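Below: one structure, written as structure tokens.
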Amino acid sequence: MKKKLVAILIAVTMLFSIFAYTPLAFAQEKESDSYGEYAYSVLQYIDKNLNERRVGTDKEKEMADYLKAQLESFGYEVEVQPFTYTRKGETYNSQNIIVTKKGNSSKEVIVGAHYDSVGTHGVDDNGSGTVVNLETAKRFVNKETPYTVKFVFFGAEEVGLKGSKAYSDAMTDEEVDNTLYMLNMDSILAGTYRYIYSGNYNDETGKVENAWPVYQAMQLSNALGTGMRYNDTELNLDYPTPSTGNWSDHASFRNKLPYLYFEAVNWELPDDPDHPEEGSSGAYETEIGEVMHVPDRDNLDFIESTWGTRGKDTITAYCTLLDSVICQLSPDGLITPQKDDLKAAIEKAEKMDKDSFSAQAYKEFEEALKEAKEVENTEYVLLKDQNTIDKAAEKLNKAMQNVGYYEKIEGLSLKEKTATSLEISWDKVNNASGYKVYKYNTKTKKYALLATIHNNKKTTYKDDKLISATNYYYKVAAYKEVDGKDYVGPTTKSLKATTKPLQPVVKLSSTSKGKVKLTYTTKVSKKTDGYKIYMSTSKNGVYKLLKDTEKTTYNKTGLKSKKGYYFKVRAYRAVDGKNVYSSYSTAKYIKVK
């Protein structure tokens with residue numbers, strides 16, 4: 001990070017926007033406690049072995065190589081993006097270190113921090129942002145993410161954001177359109193307070209626009225207890241909250257993408273204590289003044305001896321928040337735990353009848369329902385809370401298994417029909433004891449129990465000894481046996497099914513030249529509406545429809561004498577605009593007179 005007191009003079013407000021995502025923090029508390037441990041151990045190594053990482057020097061290159069080796073040890077394929085820049089007529093070389101974590105979507109987010117420093121140990125500026133980025137890349141190597149994440153370590157920030165500018169300039173229009181936001185971390189160790197920024201001030205509207213990421217991130221921070229703040233202090237005269245200046249790598253992206261910026265400083269104190277009327281940009285940083293860019297201060301010995309564990313705690317807080325940001329920030333709104341299954345369970349439970357189950361079962365059910373409603377009415381932000389929601393739904397569903405309520409059966413349909421039988425089927429109801437099949441009685445004009453099936457896996461029933469070409473009506477309900485009593489759920493809607501007409505028996509005769517007479521008067525269903533007559537010149541050939549008739553006889557004329565023909569017939573009954581057909585008759589052969 002450049003010294004803010006200098007950067008403020010040259011900063012130009014740029015349009016930008018933020019992206020936020022609710023925390024998918026580790027579900028177990030022990031895992032959550034480990035946030036920041038690896039990051040701080042790397043910071044200790046940097047403090048002793050990789051200080052004074054001036055731009056274009058061997059130390060900066062050594063730091064880049066160290067980061068590359070660490071990332072490769074995690075399992076990443078590392079991309080090195082070299083770039084050059086000119087300063088005071090001299091050309092310098094540097095590089096960005098990049099890894100890609102594939103997500104569920106090809107949409108991308110960029111998470112970045114610069115790793116170079118000035119002539120200090122550079123643990124605050126910006127070893128801190130570097131190690132938080134490194135730890136998070138390590139955590140996410142095998143962790144599911146909603147979007148693809150680009151973890152980027154920028155070189156040459158201290159001489160004018162050269163690394164982030166090189167990265168930003170190399171992005172194609174398609175890559176920009178495919179990127180949801182850029183997150184930048186700079187100097188997040190020594191500062192008194194923890195801040196998050198986003199958005200760009202619009203002079204015409206007088207509003208900070210595109211700042212949704214910071215609002216989502218603040219929701220996460222509040223839920224996690226990481227203590228993040230906005231820069232909405234009386235001394236902030238130049239940067240409308242929650243936006244900020246252009247003194248770090250987010251500035252290379254803010255005209256293209258929404259951004260989110262992490263920084264630990266102090267907006268409660270003026271940049272110049274002798275001129276408080278000039279306001280604050282957070283540059284004073286701590287209660288005793290600036291740490292970044294100060295050789296005697298930007299090292300762990302000074303920071304730890306002055307503020308104890310505050311720096312380490314701040315690293316932990318940003319590691320914790322960043323995990324959740326990556327997993328939950330979304331331009332469509334914070335990704336939060338889902339309650340659909342819980343709501344469905346509560347909706348079912350509220351339809352239950354107290355008289356349908358035993359007193360003890362009802363007591364357990366009441367307790368589960370009360371707990372489920374409390375969970376439903378609680379606003380959960382963190383994805384780890386999905387476990388609490390799922391347990392409440394599971395407990396309520398289990399309680400309902402001990403009482404006489406089961407959801408209405410779905411999928412009741414006719415599976416197979418013959419002239420004397422109908423087989424119906426339906427979808428299985430989990431945890432039911434079995435099913436009750438009901439049939440409409442035309443004499444009593446009521447549905448009567450036809451059969452009880454004592455097996456919830458058997459989801460078919462065959463009703464036989466029926467009358468051909470006749471309509472029948474069925475309903476089915478699931479039941480649960482509790483304490484020797486069957487508790488029956490709601491019945492399905494009525495299923496109308498029709499048996500087939502009887503298969504016609506065809507007789508042929510030819511007593512006149514070129515003429516065949518067909519009769520099929522035996523085995524005729526009383527409710528048959530008609531017959532379709534077919535003819536072919538070969539037994540297994542194509543049969544042509546000759547006639548659709550209500551009569552049980554038919555004369556076919558105009559045939560060739562001495563030639564053989566095949567005939568077959570099928571009967572039908574018209575039901576609700578469709579024909580229910582019998583089986584085809586046996587094909588009959590005759591040689592025409």
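The values are calculated or read from the model by the stated rules, or taken from the named source; none is laboratory data. Computed from a predicted model, the values in this text were never measured in an experiment. Reconstructed Cβ throughout: ideal geometry from the backbone, glycine too, with neighbour counts over all protein chains shown. Note: areas computed on protein heavy atoms with side chains; ligands, DNA, RNA excluded. Shrake-Rupley method; radii C 1.70, N 1.55, O 1.52, S 1.80 Å.
Run residue 415 past the list (1) surrounded by 21 or more Cβ atoms within 10 Å (Cβ to Cβ); (2) touching an Asp or Glu at 6+ places or on another chain (Cβ under 9 Å); (3) not aliphatic (A, V, I, L, M) and report the number of the one that doesn't hold.
It is condition (1) that residue 415 fails.
Examine region 191-207 for a residue that is under 20 Å from residue 127 (Cα atoms), among the hydrophobic types (A, V, I, L, M, F, W, C) and surrounded by fewer than 23 Cβ atoms within 10 Å (Cβ to Cβ), and state whether such a residue exists.
no
All but one of (1) under 30 Å from residue 378 (Cβ atoms); (2) touching a residue at least 40 places away in the same chain (Cβ under 8 Å); (3) open to solvent by 50 Å² or more (accessible area, probe 1.4 Å) hold for residue 312; which doesn't?
Result: residue 312 passes all but (1).
Restricting to region 65-81, what's the tally of residues that are under 12 Å from residue 134 (Cα atoms) and open to solvent by 40 Å² or more (accessible area, probe 1.4 Å)?
Counting residues in region 65-81 that are under 12 Å from residue 134 (Cα atoms) and open to solvent by 40 Å² or more (accessible area, probe 1.4 Å) gives 6.
I need every pair where a residue in region 65-81 that is closer than 15 Å to residue 163 by Cβ has its Cβ under 8 Å from the Cβ of a residue that is surrounded by fewer than 15 Cβ atoms within 10 Å (Cβ to Cβ), sequence separation at least 6 or different chains.
Cβ pairs passing all conditions: 68/80; 81/170.
Might you check whether a residue that is in a helix (DSSP H, G or I), among the aromatic types (Phe, Trp, Tyr) and over 20 Å from residue 317 (Cα atoms) occurs anywhere in region 252-259? Spell out how you get there, then give the answer.
Initial filter on region 252-259 (in a helix (DSSP H, G or I)): 252.
Checking which are among the aromatic types (Phe, Trp, Tyr) leaves us with none.
Checked against the condition, which is being in a helix (DSSP H, G or I), among the aromatic types (Phe, Trp, Tyr) and over 20 Å from residue 317 (Cα atoms), region 252-259 yields no hits at all.
Being more than 28 Å from residue 416 (Cα to Cα) and free of Cβ contacts under 8 Å to residues at least 60 places away in the same chain: is that true of residue 563 here? It would help to see each step written out before you state the result.
Values: more than 28 Å from residue 416 (Cα to Cα): yes; free of Cβ contacts under 8 Å to residues at least 60 places away in the same chain: yes.
Yes; evaluated as a whole, the condition is true for this residue.
Just name the residue that is surrounded by the most Cβ atoms within 10 Å (Cβ to Cβ) out of those in region 315-337 that are in a helix (DSSP H, G or I) and of a type in the set (A, V, I, L, M). Steps first, answer last, please.
Restricting attention to region 315-337, the residues satisfying the condition of being in a helix (DSSP H, G or I) are 315-328.
If we keep only those that are of a type in the set (A, V, I, L, M) as well, we get 315, 317, 321-322, 325-326.
Working: 315: 27, 317: 23, 321: 25, 322: 26, 325: 29, 326: 25.
The selected residue is 325.
Considering only region 544-557, I want to know if a residue exists there that is crowded, with 16+ Cβ neighbours inside 10 Å and polar (S, T, N, Q). First the steps, then the outcome.
So the first thing to find is which residues in region 544-557 are crowded, with 16+ Cβ neighbours inside 10 Å, and the list is 547, 552, 554, 556.
Subsequent filtering for residues that are polar (S, T, N, Q) retains 552.
Yes.
Is there a residue being under 17 Å from residue 52 (Cα atoms), touching a residue at least 12 places away in the same chain (Cβ under 8 Å) and open to solvent by 10 Å² or more (accessible area, probe 1.4 Å) anywhere in region 121-138? Let's see the steps before the verdict.
Residues of region 121-138 that are under 17 Å from residue 52 (Cα atoms), as a first pass: 121-131.
Add one more test, that the residue is touching a residue at least 12 places away in the same chain (Cβ under 8 Å), and what stays is 121-131.
Filter once more, keeping what is open to solvent by 10 Å² or more (accessible area, probe 1.4 Å): 121.
Yes: one or more hits.
Can residue 106 be described as farther than 22 Å from residue 293 by Cβ, open to solvent by 10 Å² or more (accessible area, probe 1.4 Å), of a type in the set (Ser, Thr, Tyr) and touching a residue at least 12 places away in the same chain (Cβ under 8 Å)?
Yes, satisfied.
Quick check on residue 252: is it at pLDDT 95 or above and under 22 Å from the mean Cα position of the chain (by Cα)?
Details: at pLDDT 95 or above: yes; under 22 Å from the mean Cα position of the chain (by Cα): no.
Judged against the criteria, residue 252 is not a match.
Just name the residue that is most open to solvent (accessible area, probe 1.4 Å) out of those in region 208-241 that are within 19 Å of residue 318 (Cα to Cα) and among the polar types (S, T, N, Q).
If we take residues in region 208-241 being within 19 Å of residue 318 (Cα to Cα) and among the polar types (S, T, N, Q), then 222 is most open to solvent (accessible area, probe 1.4 Å).
Can you go through 91, 84 and tell me which one is without any contact (Cβ under 8 Å) to a residue 12 or more places away in the chain, open to solvent by 50 Å² or more (accessible area, probe 1.4 Å) and within 17 Å of residue 154 (Cα to Cα)?
Working: 91 fails: within 17 Å of residue 154 (Cα to Cα).
The conditions single out 84.
Suppose the filter is open to solvent by less than 70 Å² (accessible area, probe 1.4 Å), in contact with a Lys or Arg (Cβ under 9 Å, 6 or more places away or on another chain) and aromatic (Phe, Trp, Tyr); does residue 520 pass it?
Working: open to solvent by less than 70 Å² (accessible area, probe 1.4 Å): yes; in contact with a Lys or Arg (Cβ under 9 Å, 6 or more places away or on another chain): yes; aromatic (Phe, Trp, Tyr): yes.
So residue 520 fits the description; yes.
In this structure, does residue 100 turn out to be of a type in the set (Ser, Thr, Tyr) and part of a loop (DSSP other than H, G, I, E, B)? Please lay out each step first, then the result.
Numbers: of a type in the set (Ser, Thr, Tyr): yes; part of a loop (DSSP other than H, G, I, E, B): no.
Taking the combined requirement at face value, the residue does not satisfy it.
Kindly establish whether residue 566 is of a type in the set (Ser, Thr, Tyr) and either over 16 Å from residue 591 (Cβ atoms) or open to solvent by less than 40 Å² (accessible area, probe 1.4 Å) (or both).
Values: of a type in the set (Ser, Thr, Tyr): yes; either over 16 Å from residue 591 (Cβ atoms) or open to solvent by less than 40 Å² (accessible area, probe 1.4 Å) (or both): no.
In short, no.
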